[in-house]
Amino acid sequence: QVGVFPSKEAAQPRLTELQQKKMQVYALPKFIEGKKQYAVIVGPYPTLEDAENHKAEIAKACNCQAFIVKVE
């Protein structure tokens with residue numbers, strides 16, 4: 001996860017930016033404190049280890065702090 005936005009439209013510029021860097025990204029709706037927001041997710045990765053191995057690369061590409069989240 002590389003960001004959370006109040007709407008899908010607000011997340012779109014970040015999605016476009018990361019897609020241009022050849023990353024597979026999508027906006028996942030989630031509820032935070034009862035409000036629907038959109039998390040920008042990079043991936044998926046087949047294993048936790050694979051995600052850990054790419055975390056620093058993703059953080060550098062998005063100039064942000066990246067978090068690993070399990071999406072089911």
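Is it the case, given these coordinates, that Glu33 is more than 12 Å from Gln1 (Cα to Cα) and under 13 Å from the mean Cα position of the chain (by Cα)? The answer is no for Glu33. Listed conditions (1) assigned to a helix (DSSP H, G or I); (2) open to solvent by 90 Å² or more (accessible area, probe 1.4 Å) are all met by Phe31, apart from (1). For beta carbons closer than 6 Å, sequence separation of 6+ or different chains, a first residue in segment 45-72 that is within 12 Å of Val2 (Cβ to Cβ) and a second that is assigned to a helix (DSSP H, G or I) and of a type in the set (A, V, I, L, M, F, W, C), the qualifying pairs are Ala66/Ile58; Ala66/Ala59; Ile68/Ala51. Filter segment 45-72 for residues that are over 23 Å from Glu17 (Cβ atoms), in a loop (DSSP other than H, G, I, E, B) and at pLDDT 85 or above and give the result. Across segment 45-72, the qualifying residues are Pro46, Thr47. Flag set for Glu9, criterion: loosely packed, with under 11 Cβ neighbours inside 10 Å and modelled with pLDDT of 90 or more.
Counting only residues that are assigned to a loop (DSSP other than H, G, I, E, B) and free of Cβ contacts under 8 Å to residues at least 12 places away in the same chain, segment 17-28 holds 1 of them.
The values are calculated or read from the model by the stated rules, or taken from the named source; none is laboratory data. This one's a predicted model, so the numbers in the text were calculated from it and none came from an experiment. Methodologically, a virtual Cβ is constructed for each residue, glycine included, from the backbone with ideal geometry; neighbour enumeration extends over all protein chains shown. Areas reflect the complete protein model, heavy atoms only, side chains present, ligands, DNA and RNA absent. Shrake-Rupley method; radii C 1.70, N 1.55, O 1.52, S 1.80 Å.
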